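The values are calculated or read from the model by the stated rules, or taken from the named source; none is laboratory data. Quick caveat, the model's predicted, so the values are computed rather than measured. As a convention, Cβ positions derive from the backbone with ideal geometry for all residues, glycine included, and neighbour counts pool all protein chains shown.
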Amino acid sequence: MASRVIPVEPFDLVIFGGTGDLARRKIWPALFRRFVAGQIEGDVRLIGAARGEMDSAGFRDVVQEAIVEFGGEESRRKANLSAFIKMLSYVTLDARGEAGWVELAKLMRPDRIRAFYFSVAPSLFGDLAKRLHKHGMADDTSRIVVEKPFGRDLESARDLNRVLARHFDESQIYRIDHYLGKETVQNLMAIRFGNVLFEPLWNSQYVDHIQITVAESVGVGGRGDYYDKSGAMRDMVQNHMMQLLCLIAMEPPAKFDPDAVRDEKLKVIRALDPVRGADVVRGQYEAQGDKADYRTQVEDPDSTTESFIALKALVSNWRWAGTPFYLRTGKRLRDRASEIAVVFKDAPHSIFGADAGRHRNILTIRLQPNEGIELGVTIKEPGPGGMRLIDVPLDMTFAEALGPEDADFPDAYERLIMDVIRGNQTLFMRGDEVEAAWAWTDPIIADWEAGASEPLPYISGSSGPDEALMLMHRDGRRWREIKP
Ligand code: NAP
(Lines give C-alpha, C1' and ligand atoms only; values in the text may rest on other atoms or scores of the structure.)
Protein backbone atom coordinates (compact mmCIF):
# COMPACT_ATOMS: atom_id res chain seq x y z
CA MET A 1 0.00 0.00 0.00
CA ALA A 2 2.03 2.93 -1.31
CA SER A 3 1.29 6.23 0.39
CA ARG A 4 0.03 9.13 -1.69
CA VAL A 5 2.49 11.96 -2.17
CA ILE A 6 0.98 15.42 -2.42
CA PRO A 7 3.24 17.91 -4.18
CA VAL A 8 4.07 21.04 -2.22
CA GLU A 9 3.41 24.49 -3.68
CA PRO A 10 6.17 25.97 -5.85
CA PHE A 11 8.92 27.55 -3.77
CA ASP A 12 12.34 29.20 -3.88
CA LEU A 13 14.80 27.78 -1.38
CA VAL A 14 18.23 29.17 -0.59
CA ILE A 15 20.75 26.98 1.23
CA PHE A 16 23.34 29.27 2.81
CA GLY A 17 26.38 27.03 3.23
CA GLY A 18 25.16 25.04 0.23
CA THR A 19 28.62 23.57 -0.38
CA GLY A 20 29.21 22.51 3.24
CA ASP A 21 29.24 19.06 4.82
CA LEU A 22 25.65 19.07 6.07
CA ALA A 23 24.28 20.36 2.78
CA ARG A 24 26.15 17.72 0.79
CA ARG A 25 25.38 14.78 3.08
CA LYS A 26 21.83 15.58 4.10
CA ILE A 27 20.09 18.59 2.57
CA TRP A 28 20.66 18.12 -1.17
CA PRO A 29 20.12 14.34 -1.07
CA ALA A 30 16.90 14.92 0.93
CA LEU A 31 15.61 17.42 -1.63
CA PHE A 32 16.55 15.06 -4.43
CA ARG A 33 14.62 12.19 -2.87
CA ARG A 34 11.53 14.36 -2.41
CA PHE A 35 11.84 15.36 -6.05
CA VAL A 36 11.99 11.71 -7.11
CA ALA A 37 8.99 10.96 -4.88
CA GLY A 38 7.00 13.60 -6.78
CA GLN A 39 6.66 16.04 -3.90
CA ILE A 40 8.74 18.75 -5.54
CA GLU A 41 7.59 19.62 -9.00
CA GLY A 42 7.03 22.55 -11.29
CA ASP A 43 8.84 25.82 -11.23
CA VAL A 44 11.05 25.47 -8.16
CA ARG A 45 14.37 27.24 -7.60
CA LEU A 46 17.02 25.68 -5.38
CA ILE A 47 19.85 28.09 -4.77
CA GLY A 48 23.17 27.37 -3.08
CA ALA A 49 25.05 30.29 -1.54
CA ALA A 50 28.53 30.40 -0.04
CA ARG A 51 31.76 32.38 -0.41
CA GLY A 52 33.50 29.91 -2.71
CA GLU A 53 33.95 31.23 -6.26
CA MET A 54 32.11 29.05 -8.76
CA ASP A 55 29.36 29.35 -11.33
CA SER A 56 26.07 27.47 -11.31
CA ALA A 57 27.48 24.77 -13.62
CA GLY A 58 30.35 24.10 -11.20
CA PHE A 59 27.90 24.04 -8.29
CA ARG A 60 25.65 21.53 -10.06
CA ASP A 61 28.67 19.23 -10.33
CA VAL A 62 29.28 19.57 -6.58
CA VAL A 63 25.67 18.70 -5.76
CA GLN A 64 25.53 15.91 -8.31
CA GLU A 65 28.58 14.26 -6.75
CA ALA A 66 27.06 14.60 -3.30
CA ILE A 67 23.79 13.03 -4.41
CA VAL A 68 25.55 10.13 -6.08
CA GLU A 69 27.46 9.54 -2.85
CA PHE A 70 24.67 10.09 -0.34
CA GLY A 71 21.40 10.01 -2.29
CA GLY A 72 20.77 6.28 -2.27
CA GLU A 73 19.56 3.99 -5.03
CA GLU A 74 17.49 6.56 -6.94
CA SER A 75 20.53 8.70 -7.70
CA ARG A 76 21.83 5.98 -10.03
CA ARG A 77 19.00 6.83 -12.42
CA LYS A 78 20.55 9.47 -14.60
CA ALA A 79 17.25 10.91 -15.83
CA ASN A 80 16.12 11.78 -12.29
CA LEU A 81 19.41 13.34 -11.42
CA SER A 82 19.68 15.53 -14.49
CA ALA A 83 16.08 16.75 -14.12
CA PHE A 84 16.74 17.67 -10.49
CA ILE A 85 20.07 19.35 -11.17
CA LYS A 86 18.37 21.77 -13.59
CA MET A 87 16.58 23.39 -10.64
CA LEU A 88 19.88 24.39 -9.05
CA SER A 89 21.79 27.64 -9.23
CA TYR A 90 24.55 29.22 -7.19
CA VAL A 91 25.40 32.65 -5.87
CA THR A 92 28.81 33.57 -4.49
CA LEU A 93 27.97 35.46 -1.35
CA ASP A 94 29.50 36.44 1.97
CA ALA A 95 27.21 36.48 4.99
CA ARG A 96 29.45 39.15 6.47
CA GLY A 97 29.84 41.35 3.39
CA GLU A 98 27.75 42.91 0.65
CA ALA A 99 28.98 40.79 -2.26
CA GLY A 100 26.31 38.64 -3.89
CA TRP A 101 23.21 39.86 -2.06
CA VAL A 102 21.71 41.93 -4.86
CA GLU A 103 22.15 39.01 -7.22
CA LEU A 104 20.45 36.67 -4.75
CA ALA A 105 17.52 39.05 -4.28
CA LYS A 106 16.99 39.10 -8.06
CA LEU A 107 16.66 35.31 -8.12
CA MET A 108 13.88 35.27 -5.52
CA ARG A 109 10.35 35.61 -6.87
CA PRO A 110 7.67 37.56 -5.01
CA ASP A 111 4.85 35.10 -5.72
CA ARG A 112 6.67 32.07 -4.35
CA ILE A 113 7.11 30.59 -0.90
CA ARG A 114 10.60 31.67 0.13
CA ALA A 115 12.71 29.65 2.50
CA PHE A 116 16.27 30.27 3.67
CA TYR A 117 18.23 27.45 5.24
CA PHE A 118 21.08 28.68 7.47
CA SER A 119 23.47 25.74 7.08
CA VAL A 120 26.41 27.78 8.32
CA ALA A 121 28.06 28.40 11.69
CA PRO A 122 25.59 29.94 14.20
CA SER A 123 27.89 32.97 14.52
CA LEU A 124 26.65 33.94 11.02
CA PHE A 125 22.92 33.68 11.75
CA GLY A 126 22.65 37.35 12.75
CA ASP A 127 24.49 38.52 9.64
CA LEU A 128 22.27 36.45 7.38
CA ALA A 129 19.06 37.65 9.04
CA LYS A 130 20.18 41.27 8.83
CA ARG A 131 21.11 41.11 5.14
CA LEU A 132 17.97 39.20 4.17
CA HIS A 133 16.04 42.03 5.72
CA LYS A 134 18.16 44.76 4.16
CA HIS A 135 17.75 43.28 0.69
CA GLY A 136 13.99 42.92 0.97
CA MET A 137 13.85 39.13 1.31
CA ALA A 138 12.58 38.98 4.90
CA ASP A 139 8.91 39.55 4.19
CA ASP A 140 6.00 38.12 6.17
CA THR A 141 5.85 34.91 4.18
CA SER A 142 9.53 34.01 4.20
CA ARG A 143 10.87 31.30 6.50
CA ILE A 144 14.29 30.63 7.94
CA VAL A 145 15.65 27.27 9.02
CA VAL A 146 18.41 27.16 11.62
CA GLU A 147 20.63 24.24 12.51
CA LYS A 148 21.97 22.94 15.77
CA PRO A 149 23.68 23.88 18.00
CA PHE A 150 21.24 26.58 19.06
CA GLY A 151 23.56 28.26 21.54
CA ARG A 152 25.93 26.63 24.02
CA ASP A 153 24.10 27.86 27.11
CA LEU A 154 21.03 29.86 28.09
CA GLU A 155 22.68 33.20 27.52
CA SER A 156 23.95 32.46 24.02
CA ALA A 157 20.61 30.85 23.06
CA ARG A 158 18.81 34.00 24.24
CA ASP A 159 21.20 36.11 22.19
CA LEU A 160 20.51 34.02 19.09
CA ASN A 161 16.76 34.24 19.64
CA ARG A 162 17.05 38.00 20.03
CA VAL A 163 19.14 38.40 16.88
CA LEU A 164 16.69 36.39 14.78
CA ALA A 165 13.66 38.11 16.33
CA ARG A 166 14.89 41.47 15.07
CA HIS A 167 13.94 40.49 11.54
CA PHE A 168 11.72 37.41 11.78
CA ASP A 169 8.64 36.53 13.74
CA GLU A 170 8.71 33.28 15.77
CA SER A 171 6.21 31.83 13.28
CA GLN A 172 8.87 32.18 10.56
CA ILE A 173 11.73 30.49 12.45
CA TYR A 174 12.26 26.73 12.06
CA ARG A 175 14.81 25.37 14.56
CA ILE A 176 15.84 21.93 13.40
CA ASP A 177 16.13 18.96 15.71
CA HIS A 178 16.35 16.13 13.23
CA TYR A 179 15.26 13.60 15.86
CA LEU A 180 11.78 15.08 15.59
CA GLY A 181 11.76 14.26 11.89
CA LYS A 182 12.35 10.56 12.52
CA GLU A 183 9.40 8.41 11.55
CA THR A 184 9.40 6.43 14.80
CA VAL A 185 9.49 9.55 16.92
CA GLN A 186 6.34 10.76 15.20
CA ASN A 187 4.93 7.30 15.61
CA LEU A 188 5.44 7.64 19.32
CA MET A 189 2.82 10.39 19.24
CA ALA A 190 0.54 8.29 17.05
CA ILE A 191 0.85 5.35 19.46
CA ARG A 192 0.18 7.50 22.50
CA PHE A 193 -2.62 9.67 21.21
CA GLY A 194 -4.15 7.52 18.48
CA ASN A 195 -4.88 4.49 20.66
CA VAL A 196 -7.03 4.16 23.73
CA LEU A 197 -4.84 1.35 25.01
CA PHE A 198 -1.81 3.18 26.35
CA GLU A 199 -2.95 6.53 27.68
CA PRO A 200 -4.73 5.22 30.82
CA LEU A 201 -1.51 3.44 31.82
CA TRP A 202 0.81 6.29 30.89
CA ASN A 203 1.58 7.62 34.37
CA SER A 204 3.45 6.90 37.56
CA GLN A 205 0.77 4.56 38.81
CA TYR A 206 1.62 2.03 36.10
CA VAL A 207 5.01 3.06 34.71
CA ASP A 208 7.98 2.10 36.86
CA HIS A 209 10.56 4.08 34.93
CA ILE A 210 11.62 5.15 31.47
CA GLN A 211 15.00 4.61 29.81
CA ILE A 212 16.21 6.63 26.88
CA THR A 213 19.41 5.41 25.26
CA VAL A 214 21.25 6.89 22.31
CA ALA A 215 24.39 4.78 21.91
CA GLU A 216 26.95 5.25 19.19
CA SER A 217 29.71 2.79 18.44
CA VAL A 218 31.89 5.35 16.65
CA GLY A 219 34.17 7.85 18.35
CA VAL A 220 34.53 11.53 17.58
CA GLY A 221 36.57 10.76 14.45
CA GLY A 222 37.44 13.84 12.41
CA ARG A 223 34.96 15.99 14.36
CA GLY A 224 37.07 15.90 17.53
CA ASP A 225 37.72 19.62 17.78
CA TYR A 226 34.08 20.56 17.25
CA TYR A 227 32.88 17.88 19.68
CA ASP A 228 35.40 18.74 22.36
CA LYS A 229 33.90 22.22 22.71
CA SER A 230 30.51 20.71 23.25
CA GLY A 231 30.43 17.23 24.85
CA ALA A 232 27.56 14.76 25.22
CA MET A 233 25.45 17.05 27.40
CA ARG A 234 25.35 19.90 24.91
CA ASP A 235 25.51 17.76 21.79
CA MET A 236 22.83 15.19 22.67
CA VAL A 237 21.04 15.68 26.00
CA GLN A 238 20.01 19.33 25.86
CA ASN A 239 18.37 18.90 22.46
CA HIS A 240 17.65 15.40 21.07
CA MET A 241 17.18 13.48 24.31
CA MET A 242 15.24 16.32 25.88
CA GLN A 243 12.87 16.26 22.91
CA LEU A 244 12.36 12.51 23.29
CA LEU A 245 11.72 12.91 27.01
CA CYS A 246 9.16 15.61 26.27
CA LEU A 247 7.24 13.49 23.77
CA ILE A 248 7.01 10.66 26.30
CA ALA A 249 6.12 12.86 29.26
CA MET A 250 3.85 15.52 27.76
CA GLU A 251 0.12 15.77 28.34
CA PRO A 252 -2.08 15.14 25.31
CA PRO A 253 -2.21 18.39 23.35
CA ALA A 254 -5.71 19.51 22.36
CA LYS A 255 -4.71 19.38 18.70
CA PHE A 256 -1.78 18.23 16.64
CA ASP A 257 -0.80 21.77 15.85
CA PRO A 258 2.51 23.56 16.39
CA ASP A 259 1.72 25.64 19.42
CA ALA A 260 -0.48 23.08 21.14
CA VAL A 261 2.30 20.46 20.92
CA ARG A 262 5.09 22.85 21.83
CA ASP A 263 3.18 24.30 24.79
CA GLU A 264 2.90 20.80 26.25
CA LYS A 265 6.59 20.05 25.68
CA LEU A 266 7.56 23.30 27.33
CA LYS A 267 5.49 22.41 30.42
CA VAL A 268 7.47 19.17 30.75
CA ILE A 269 10.83 20.93 30.60
CA ARG A 270 9.67 23.41 33.20
CA ALA A 271 8.53 20.56 35.45
CA LEU A 272 11.99 18.95 35.46
CA ASP A 273 13.70 18.99 38.87
CA PRO A 274 17.25 20.29 39.01
CA VAL A 275 19.54 17.28 38.68
CA ARG A 276 21.54 16.34 41.79
CA GLY A 277 25.27 15.80 41.34
CA ALA A 278 24.89 12.19 42.49
CA ASP A 279 22.41 11.57 39.68
CA VAL A 280 24.80 12.33 36.82
CA VAL A 281 27.69 10.23 35.53
CA ARG A 282 30.10 11.60 32.94
CA GLY A 283 32.56 9.45 31.06
CA GLN A 284 35.30 9.70 28.47
CA TYR A 285 36.42 6.76 26.34
CA GLU A 286 39.83 5.20 26.60
CA ALA A 287 41.82 3.35 23.99
CA GLN A 288 41.04 -0.29 23.31
CA GLY A 289 42.77 -2.38 20.64
CA ASP A 290 43.08 -0.24 17.54
CA LYS A 291 40.60 2.33 18.90
CA ALA A 292 42.23 5.58 19.96
CA ASP A 293 41.81 7.32 23.30
CA TYR A 294 39.44 10.32 23.26
CA ARG A 295 42.20 12.72 24.31
CA THR A 296 44.37 11.80 21.36
CA GLN A 297 41.55 12.70 18.98
CA VAL A 298 41.04 16.25 20.19
CA GLU A 299 43.35 19.24 20.38
CA ASP A 300 43.55 19.43 24.19
CA PRO A 301 45.45 16.41 25.61
CA ASP A 302 43.95 17.16 29.06
CA SER A 303 40.39 17.60 27.83
CA THR A 304 37.70 17.04 30.46
CA THR A 305 34.85 16.97 27.93
CA GLU A 306 32.49 14.02 28.34
CA SER A 307 31.87 11.56 25.52
CA PHE A 308 29.32 9.74 27.69
CA ILE A 309 26.63 10.82 30.06
CA ALA A 310 24.03 9.02 32.12
CA LEU A 311 21.57 10.81 34.34
CA LYS A 312 18.38 10.45 36.25
CA ALA A 313 15.75 13.10 35.54
CA LEU A 314 12.60 13.67 37.56
CA VAL A 315 9.51 15.28 36.10
CA SER A 316 7.71 16.81 39.05
CA ASN A 317 4.06 16.83 38.11
CA TRP A 318 0.97 14.78 38.90
CA ARG A 319 1.49 12.36 36.06
CA TRP A 320 5.14 11.50 36.67
CA ALA A 321 5.98 12.10 40.34
CA GLY A 322 7.90 8.99 41.44
CA THR A 323 8.69 7.68 37.94
CA PRO A 324 12.29 8.48 37.00
CA PHE A 325 13.54 9.02 33.47
CA TYR A 326 17.04 7.56 32.99
CA LEU A 327 18.95 9.01 30.06
CA ARG A 328 22.22 7.72 28.67
CA THR A 329 24.18 8.54 25.59
CA GLY A 330 27.75 8.13 24.49
CA LYS A 331 30.28 7.44 21.83
CA ARG A 332 32.39 4.31 21.38
CA LEU A 333 29.84 2.16 23.15
CA ARG A 334 29.32 -1.52 22.49
CA ASP A 335 26.87 -1.00 19.64
CA ARG A 336 24.95 1.63 17.80
CA ALA A 337 21.42 1.56 19.13
CA SER A 338 18.85 4.16 20.10
CA GLU A 339 15.66 3.36 21.90
CA ILE A 340 13.13 4.54 24.40
CA ALA A 341 11.88 1.90 26.82
CA VAL A 342 8.77 2.47 28.89
CA VAL A 343 9.06 -0.10 31.68
CA PHE A 344 5.71 -0.82 33.33
CA LYS A 345 5.30 -1.91 36.92
CA ASP A 346 4.86 -5.49 38.09
CA ALA A 347 1.34 -6.85 38.27
CA PRO A 348 0.05 -6.01 41.76
CA HIS A 349 -0.24 -9.66 42.73
CA SER A 350 1.13 -12.78 41.11
CA ILE A 351 -1.39 -15.60 41.08
CA PHE A 352 1.35 -17.89 39.76
CA GLY A 353 3.51 -17.76 42.87
CA ALA A 354 7.15 -16.86 43.43
CA ASP A 355 8.43 -19.57 41.07
CA ALA A 356 6.89 -17.80 38.09
CA GLY A 357 9.55 -15.09 38.44
CA ARG A 358 9.27 -11.40 37.80
CA HIS A 359 7.73 -10.28 34.51
CA ARG A 360 7.14 -6.82 33.22
CA ASN A 361 5.60 -5.23 30.20
CA ILE A 362 8.04 -3.04 28.34
CA LEU A 363 7.12 -0.83 25.43
CA THR A 364 10.22 -0.22 23.34
CA ILE A 365 10.40 2.44 20.70
CA ARG A 366 13.47 1.72 18.56
CA LEU A 367 14.87 4.67 16.69
CA GLN A 368 17.81 2.87 15.13
CA PRO A 369 18.63 0.46 13.72
CA ASN A 370 15.43 -1.32 12.53
CA GLU A 371 12.98 1.42 13.45
CA GLY A 372 9.97 -0.07 15.11
CA ILE A 373 7.88 -0.49 18.20
CA GLU A 374 7.80 -3.59 20.36
CA LEU A 375 5.56 -4.43 23.27
CA GLY A 376 6.90 -7.08 25.64
CA VAL A 377 4.12 -9.25 27.09
CA THR A 378 4.14 -12.20 29.45
CA ILE A 379 2.78 -15.54 28.28
CA LYS A 380 2.87 -19.14 29.36
CA GLU A 381 5.88 -21.05 28.20
CA PRO A 382 4.51 -23.64 25.78
CA GLY A 383 4.44 -27.27 26.77
CA PRO A 384 3.60 -29.36 29.82
CA GLY A 385 5.35 -28.95 33.13
CA GLY A 386 3.27 -26.39 34.92
CA MET A 387 2.69 -22.69 34.65
CA ARG A 388 6.03 -21.23 33.66
CA LEU A 389 5.96 -17.69 32.32
CA ILE A 390 8.12 -16.10 29.65
CA ASP A 391 8.30 -12.66 28.07
CA VAL A 392 7.83 -12.39 24.34
CA PRO A 393 7.70 -9.37 22.08
CA LEU A 394 4.61 -8.31 20.19
CA ASP A 395 6.77 -6.91 17.47
CA MET A 396 5.87 -4.21 15.01
CA THR A 397 8.95 -3.84 12.90
CA PHE A 398 7.53 -1.51 10.32
CA ALA A 399 9.24 -3.15 7.38
CA GLU A 400 7.33 -6.37 8.13
CA ALA A 401 3.98 -4.79 8.93
CA LEU A 402 3.82 -2.27 6.10
CA GLY A 403 5.75 -3.97 3.35
CA PRO A 404 9.07 -2.72 2.04
CA GLU A 405 7.63 0.13 -0.01
CA ASP A 406 6.00 2.01 2.85
CA ALA A 407 8.68 1.08 5.34
CA ASP A 408 11.30 2.84 3.25
CA PHE A 409 11.00 5.88 5.48
CA PRO A 410 11.97 9.29 4.28
CA ASP A 411 15.05 10.58 6.02
CA ALA A 412 14.27 13.06 8.81
CA TYR A 413 15.55 15.93 6.68
CA GLU A 414 13.12 15.09 3.87
CA ARG A 415 10.18 15.36 6.19
CA LEU A 416 11.43 18.48 7.94
CA ILE A 417 12.32 20.46 4.82
CA MET A 418 8.92 19.70 3.30
CA ASP A 419 7.30 20.86 6.55
CA VAL A 420 9.13 24.17 6.18
CA ILE A 421 7.67 24.61 2.71
CA ARG A 422 4.22 23.61 3.97
CA GLY A 423 4.58 26.09 6.83
CA ASN A 424 4.13 23.48 9.55
CA GLN A 425 6.24 24.13 12.67
CA THR A 426 4.99 21.21 14.78
CA LEU A 427 8.24 19.27 14.52
CA PHE A 428 10.50 22.26 15.13
CA MET A 429 11.63 23.67 18.45
CA ARG A 430 10.23 26.97 19.61
CA GLY A 431 12.57 29.59 21.07
CA ASP A 432 11.20 29.31 24.61
CA GLU A 433 11.57 25.52 24.56
CA VAL A 434 15.25 25.76 23.66
CA GLU A 435 15.84 28.34 26.36
CA ALA A 436 14.04 26.24 28.98
CA ALA A 437 16.16 23.22 28.05
CA TRP A 438 19.36 25.24 28.49
CA ALA A 439 18.06 26.59 31.80
CA TRP A 440 17.87 22.96 32.98
CA THR A 441 21.29 21.82 31.68
CA ASP A 442 23.28 24.99 32.51
CA PRO A 443 23.51 24.38 36.29
CA ILE A 444 24.69 20.80 35.71
CA ILE A 445 27.46 21.99 33.39
CA ALA A 446 28.30 24.91 35.73
CA ASP A 447 28.74 22.41 38.57
CA TRP A 448 31.27 20.42 36.57
CA GLU A 449 33.12 23.53 35.60
CA ALA A 450 33.18 24.90 39.14
CA GLY A 451 34.45 21.63 40.57
CA ALA A 452 36.80 21.05 37.61
CA SER A 453 35.19 17.61 37.46
CA GLU A 454 37.00 14.92 35.49
CA PRO A 455 34.91 12.49 33.46
CA LEU A 456 35.28 8.82 34.41
CA PRO A 457 37.24 6.70 31.97
CA TYR A 458 35.47 3.84 30.17
CA ILE A 459 36.80 1.29 27.77
CA SER A 460 35.91 1.72 24.12
CA GLY A 461 33.35 -0.91 23.17
CA SER A 462 31.89 -1.18 26.70
CA SER A 463 28.55 0.11 28.05
CA GLY A 464 30.16 3.14 29.64
CA PRO A 465 31.59 3.64 33.14
CA ASP A 466 30.51 1.21 35.87
CA GLU A 467 29.18 4.15 37.85
CA ALA A 468 26.47 4.51 35.19
CA LEU A 469 25.31 0.98 36.04
CA MET A 470 25.27 1.95 39.71
CA LEU A 471 23.01 4.91 38.93
CA MET A 472 20.24 2.40 38.28
CA HIS A 473 21.39 -0.44 40.55
CA ARG A 474 21.04 1.70 43.62
CA ASP A 475 17.37 2.25 42.65
CA GLY A 476 16.90 -1.52 42.22
CA ARG A 477 16.79 -1.22 38.42
CA ARG A 478 19.09 -1.93 35.54
CA TRP A 479 19.82 -0.65 32.09
CA ARG A 480 18.64 -2.64 29.15
CA GLU A 481 21.41 -4.23 27.21
CA ILE A 482 22.72 -2.12 24.33
CA LYS A 483 22.18 -4.31 21.31
CA PRO A 484 21.59 -3.45 17.68
P1 NAP B 1 30.90 23.27 6.89
O2 NAP B 1 31.15 21.95 6.22
O3 NAP B 1 32.06 24.00 7.50
O4 NAP B 1 30.22 24.22 5.80
C5 NAP B 1 30.01 25.58 6.04
C6 NAP B 1 29.38 26.20 4.82
O7 NAP B 1 29.17 27.58 5.07
C8 NAP B 1 30.23 26.11 3.56
O9 NAP B 1 29.39 26.01 2.44
C10 NAP B 1 30.94 27.46 3.56
O11 NAP B 1 31.37 27.75 2.24
C12 NAP B 1 29.82 28.37 4.05
N13 NAP B 1 30.28 29.61 4.67
C14 NAP B 1 31.24 29.75 5.63
N15 NAP B 1 31.40 31.04 5.93
C16 NAP B 1 30.52 31.75 5.16
C17 NAP B 1 30.22 33.12 5.01
N18 NAP B 1 30.85 34.06 5.71
N19 NAP B 1 29.27 33.48 4.13
C20 NAP B 1 28.62 32.54 3.40
N21 NAP B 1 28.86 31.21 3.49
C22 NAP B 1 29.81 30.82 4.36
O23 NAP B 1 29.82 23.16 8.03
P24 NAP B 1 28.65 22.05 8.16
O25 NAP B 1 29.22 20.87 8.84
O26 NAP B 1 27.98 21.88 6.86
O27 NAP B 1 27.68 22.75 9.21
C28 NAP B 1 26.77 23.77 8.85
C29 NAP B 1 25.82 24.02 10.02
O30 NAP B 1 25.09 22.83 10.28
C31 NAP B 1 26.51 24.36 11.33
O32 NAP B 1 25.68 25.24 12.07
C33 NAP B 1 26.60 23.02 12.06
O34 NAP B 1 26.66 23.17 13.45
C35 NAP B 1 25.28 22.41 11.62
N36 NAP B 1 25.25 20.93 11.68
C37 NAP B 1 26.11 20.20 10.93
C38 NAP B 1 26.04 18.81 10.97
C39 NAP B 1 26.94 17.95 10.14
O40 NAP B 1 26.80 16.73 10.21
N41 NAP B 1 27.83 18.51 9.35
C42 NAP B 1 25.08 18.18 11.79
C43 NAP B 1 24.21 18.96 12.53
C44 NAP B 1 24.28 20.34 12.45
P45 NAP B 1 32.51 28.85 1.98
O46 NAP B 1 33.66 28.54 2.87
O47 NAP B 1 32.81 28.68 0.51
O48 NAP B 1 31.89 30.16 2.27
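Listed conditions (1) under 30 Å from residue 116 (Cβ atoms); (2) surrounded by fewer than 17 Cβ atoms within 10 Å (Cβ to Cβ) are all met by residue 429, apart from (2). Screening 263, 279, 273 for residues that are under 28 Å from residue 190 (Cβ atoms), at pLDDT 95 or above, under 24 Å from the mean Cα position of the chain (by Cα) and acidic (Asp, Glu) leaves exactly one candidate, 263. Each residue in segment 234-260 was checked for being surrounded by fewer than 23 Cβ atoms within 10 Å (Cβ to Cβ), in a helix (DSSP H, G or I) and more than 16 Å from the ligand (Cβ to nearest atom), and 5 of them qualify.
Taken together, 67, 85 contain a single residue that is touching a Lys or Arg at 6+ places or on another chain (Cβ under 7 Å) and surrounded by 12 or more Cβ atoms within 10 Å (Cβ to Cβ), which is 85. Take residue 225 and decide whether it is among the acidic types (Asp, Glu) and surrounded by 15 or more Cβ atoms within 10 Å (Cβ to Cβ). In short, no. Of all residues in segment 182-197, those being more than 16 Å from the ligand (Cβ to nearest atom), surrounded by 19 or more Cβ atoms within 10 Å (Cβ to Cβ) and assigned to a loop (DSSP other than H, G, I, E, B) number 0.
Only one entry in 179, 206 is aromatic (Phe, Trp, Tyr), within 16 Å of the ligand (Cβ to nearest atom) and surrounded by 14 or more Cβ atoms within 10 Å (Cβ to Cβ), namely 179. When the residues of segment 104-147 are filtered to those that are within 13 Å of the ligand (Cβ to nearest atom) and assigned to a loop (DSSP other than H, G, I, E, B), the one that is surrounded by the fewest Cβ atoms within 10 Å (Cβ to Cβ) is 121.
On the stretch given as segment 417-458, residues that are without any contact (Cβ under 8 Å) to a residue 12 or more places away in the chain and in a loop (DSSP other than H, G, I, E, B) total 1. Residues in segment 317-324 include at least one that is assigned to a loop (DSSP other than H, G, I, E, B), surrounded by fewer than 17 Cβ atoms within 10 Å (Cβ to Cβ) and aliphatic (A, V, I, L, M).
The criterion of at least 3 residues that are under 26 Å from the mean Cα position of the chain (by Cα) and either more than 9 Å from the ligand (Cβ to nearest atom) or more than 25 Å from residue 106 (Cα to Cα) (or both) is met by the following strands (runs of 3 or more DSSP E) wholly inside segment 1-95: 11-16. Taking every residue in segment 103-115 that is among the acidic types (Asp, Glu) and pairing it with any residue that is at pLDDT 95 or above and part of a helix (DSSP H, G or I), at least 6 positions away or on another chain, yields no pair with a Cβ-Cβ distance below 8 Å.
Residue 158 satisfies every condition listed in (1) more than 16 Å from the ligand (Cβ to nearest atom); (2) at pLDDT below 95 except (2).
Of the numbered criteria (1) touching a residue at least 40 places away in the same chain (Cβ under 8 Å); (2) in a strand (DSSP E or B), the one residue 375 fails is (1).
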